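> The structure that follows is given in the form of C-alpha cells.
Since every read-out is calculated from the coordinates, none of them should be taken as a lab result. As the structure is a prediction and not an experimental result, all values here were calculated from the model. Note that each Cβ is placed from the backbone with ideal geometry, even for glycine, and that neighbours are counted across all protein chains shown.
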Amino acid sequence: MSYRDRMPPAGGRRRRRSNVRTTAATVVGGVVLAGCGAGVPGAATGDLATWELADPRVVTAETRSLDVRVTRAGCSGGITGQVLEPRVQYEDGRVVVTTEVEPLGDGTWACPSNDAVTVRVELDEPLRDRDLVDGACLAAESGSVRLCEDAVRWRP
C-alpha cells in the first residue's frame, strides 16, 4: 500500500482501492441470482396451456403418475407445440399442475382448436384426499379470462 492510499484525501474520506476479486464476485453473484426464478413453481417461462386427464378412470387417491393431454391456450395455427416441464404445487386441499408450452415467435396465427400433446407428470406424493387442479385455469381466472369450465380435473 502506498503512502497516498493510507492518507485520507482533502475531504476527510479515505479512498478505496479497486478490488478485482470483489467486483468479479459481485458480477457472478448477480448472474446467479438473476436465474433463480427458473424452475420455481409459479415462475412463468412459456405460453399458457391447459390440460385434461388422458384417462380419468385410472386416477386414484394413491396416484403418483398422471398422463395428461396438454393444449396451448392461445392461437397457434392448430399446433400446441413443445410442452415444457410441468410444475406441481402441493397444497392442503389440492394439487395444482401447471403446464406451459414453448413460446411462439412473432407473427399472426390462425385460431382453430390446437392439438393435444400427451405428457406424463410424476408426482412426489400421492393425491390422497386432494383435488387435482389445472393451474392454467387458475392463472386465467386471476386475469379475468375464463379458459376452463372447471379448474378441477379430479376429485377424490
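> Determine ³J(HN,Hα), in whole Hz, for all residues of the stretch 107-120 in sequence, where each value follows from phi through the Karplus function 6.51 cos²θ - 1.76 cosθ + 1.60 and θ = phi - 60°; x replaces Gly and Pro.
Taking θ as phi minus 60°, the curve returns x, 10, 10, 5, 10, x, 5, 7, 5, 9, 10, 7, 9, 8 Hz for the stretch 107-120.
> Would you please give the residues with an amide H less than 5 Å from that of residue 148, counting only those at least 5 places away or on a separate chain, with H modeled from the backbone geometry?
Under 5 Å from the amide H of residue 148 lies no amide H from a residue far enough along the sequence or on another chain.
> Right, here's the next one. Can you give the charge dipole size of the stretch 47-154 about its Cα centre, rounded to the nearest 20 debye, using +1 on the beta carbon of Lys and Arg and -1 on the beta carbon of Asp and Glu? Each step should come with its number before you reach the end.
Working: 11 positive and 21 negative charges, 36 e Å.
Computed charge dipole of the stretch 47-154: roughly 180 debye.
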